[in-house]
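Here the structure comes first, spelled out in structure tokens, and everything after it is commentary.
Bear in mind these aren't lab numbers, they're just calculated from the coordinates by the rules spelled out. Just so we're clear, the structure is a prediction, and the values are computed from it rather than from any experiment. As a convention, Cβ positions derive from the backbone with ideal geometry for all residues, glycine included, and neighbour counts pool all protein chains shown.
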């Protein structure tokens, strides 16, 4: 067991290039997640779809162009395609044509649709930005959880090594007759408990690494991260009040910008619906010709001569003036106006949610700061207590049981300080995230 524990300690404290795979830095983890996360990839495709919508909307300003051809085969009574006399014969004929049309005016529907499509691209990019922010914050949290688990494991290993030495000390004093067997048994019991703590913390570290590997969607076997120094932020650097963070977040959070774009898009939807009240004007042009053959008469006019003789072309325009369409347009305009009001409430709701989230994050960070300060004071006191206890125990003034009680309080204080530090760090990073600062630790 001693060899196993020392191996775990080596795993936590040192880099063995021949035995371990590459260690990931926090920056590498975040960048890898941003490049490979499935949800991010899906939203990148949504951006591409939005961009295609812009191309489609822009195409509405252009004229269309279509070519057509047709053929027919007739038997029995009919018109000779050459003499135009009714005869009983078999004929074959066909036509060729090209036509084009363009919308001149349709109540600015095309223009507003194009504007709306461009807003759609901006909105899709903001959705992508929000997801990237969320993934980054999630990766940072998971990375910190691994570092937290590693610190806990190091503490557990150190405590186990101390308890092993206490067994040796208790054994020597018992053999010398200066300590009762109860002290030896207490030392052995404490060592067994510390051994269990090492195993539990080792498992917690493995689970934390597994969680981060799954977020990155990489093979968890051999996965490990680079150790970085995580210093608790200064309490002096805390923001004065949550409104300071909230006001800054209103200018940089993508969900707020997206809600504002949705109001603009809803307003354009109203204008697009109103376009159905306006007249529409379109222009068109066409060119056509035809040919025909009497299959029972060998005297045929040459094909290209027929095409030239039958060639015809023309232009046309169309004006459509809506008068009454069973209140469908009016109802559609009213629906879009309602959607416009809904989108304004959507922005208010996003602001309210953001404000509530920041308020909670602010007071969570404030409480975490106080907890961290309290944990540091407690650990400092317990460090003095364990020093005194060690001296008393060495001189035989304190029993093994009493010493274990003091040491347990020290271990608990050390664990509480580690938890409080990482809790404070992450909750402070959440506030920085909403304030618009970079949350990645270098």
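Okay, here's what the table says:
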{"item": "Extent along principal axes [Cα atoms of the range 157-251; Å; largest to smallest]", "result": "75, 40, 19"}
{"item": "Neighbour-count order for 185, 212, 65, 26, fewest beta carbons within 10 angstrom listed first", "result": "65, 185, 26, 212"}
{"item": "Taking the range 358-426 and dividing mean pair separation by its residue count, relative contact order in percent (alpha carbons under 8 Å, at least six apart)", "result": "48"}
{"item": "Using a Förster distance of 41 Å, the FRET efficiency for residue 319-residue 96 (Cβ separation, nearest 0.05)", "result": "0.90"}
{"item": "Two-site label geometry, residue 38 and residue 283: point separation in nm, points 7 Å out along Cα→Cβ", "result": "5.3"}
{"item": "Additional length obtainable on full extension of the chain from residue 353 to residue 175, 0.36 nm per residue less Cα span", "result": "57.2 nm"}
{"item": "Relative contact order (%) - criterion: Cα under 8 Å, at least six apart; region: the range 293-442", "result": "24"}
{"item": "Potential extension, residue 381-residue 247 segment - 0.36 nm per residue separation minus Cα distance", "result": "44.1 nm"}
{"item": "R0 of 22 Å, Cβ-Cβ distance residue 158-residue 210: FRET efficiency to nearest 0.05", "result": "0.35"}
{"item": "Of all DSSP beta bridges in the chain, antiparallel share, percent nearest 5", "result": "95"}
{"item": "Distance from the range 23-64 to the range 297-341 (C-alpha centre basis), Å", "result": "37"}
{"item": "Modelled FRET efficiency - R0 30 Å, residue 165 with residue 23, Cβ distances, 0.05 increments", "result": "0.45"}
{"item": "Using alpha-carbon coordinates, inclination of helix 2-13 to the longest axis of the chain, degrees", "result": "50"}
{"item": "Using alpha-carbon coordinates, inclination of helix 181-216 to the longest axis of the chain, degrees", "result": "10"}
{"item": "Three-way shape label, the range 217-320, alpha-carbon gyration tensor, a/c 1.5", "result": "oblate"}
{"item": "Helix axis angle, 400-435 relative to the chain longest principal axis, alpha carbon, degrees", "result": "30"}
{"item": "Using distinct alpha-carbon pairs, which all enter the 1/r mean, Kirkwood radius of the chain in Å", "result": "30.0"}
{"item": "Order of 127, 35 - criterion: other Cβ atoms within 10 Å of each residue's Cβ, fewest first", "result": "35, 127"}
{"item": "Neighbour-count ranking [beta-carbon atoms within 10 angstrom, fewest first] of 335, 86", "result": "86, 335"}
{"item": "Helix-derived mean residue ellipticity, 222 nm - over the chain, DSSP H n ≥ 4, -39500 (n - 2.57), to 500", "result": "-23500 deg cm²/dmol"}
{"item": "Gap separating the Cα centres of the range 109-142 and the range 350-382, nearest whole Å", "result": "31"}
{"item": "Ordering of 204-211, 216-223, 269-276 by packing [mean C-beta count within 10 Å, highest first]", "result": "269-276, 204-211, 216-223"}
{"item": "Contour minus Cα-Cα distance for residue 104 and residue 310 (0.36 nm per residue)", "result": "71.1 nm"}
{"item": "Relative contact order, percent, the chain [alpha-carbon distance under 8 Å, six or more residues apart]", "result": "23"}
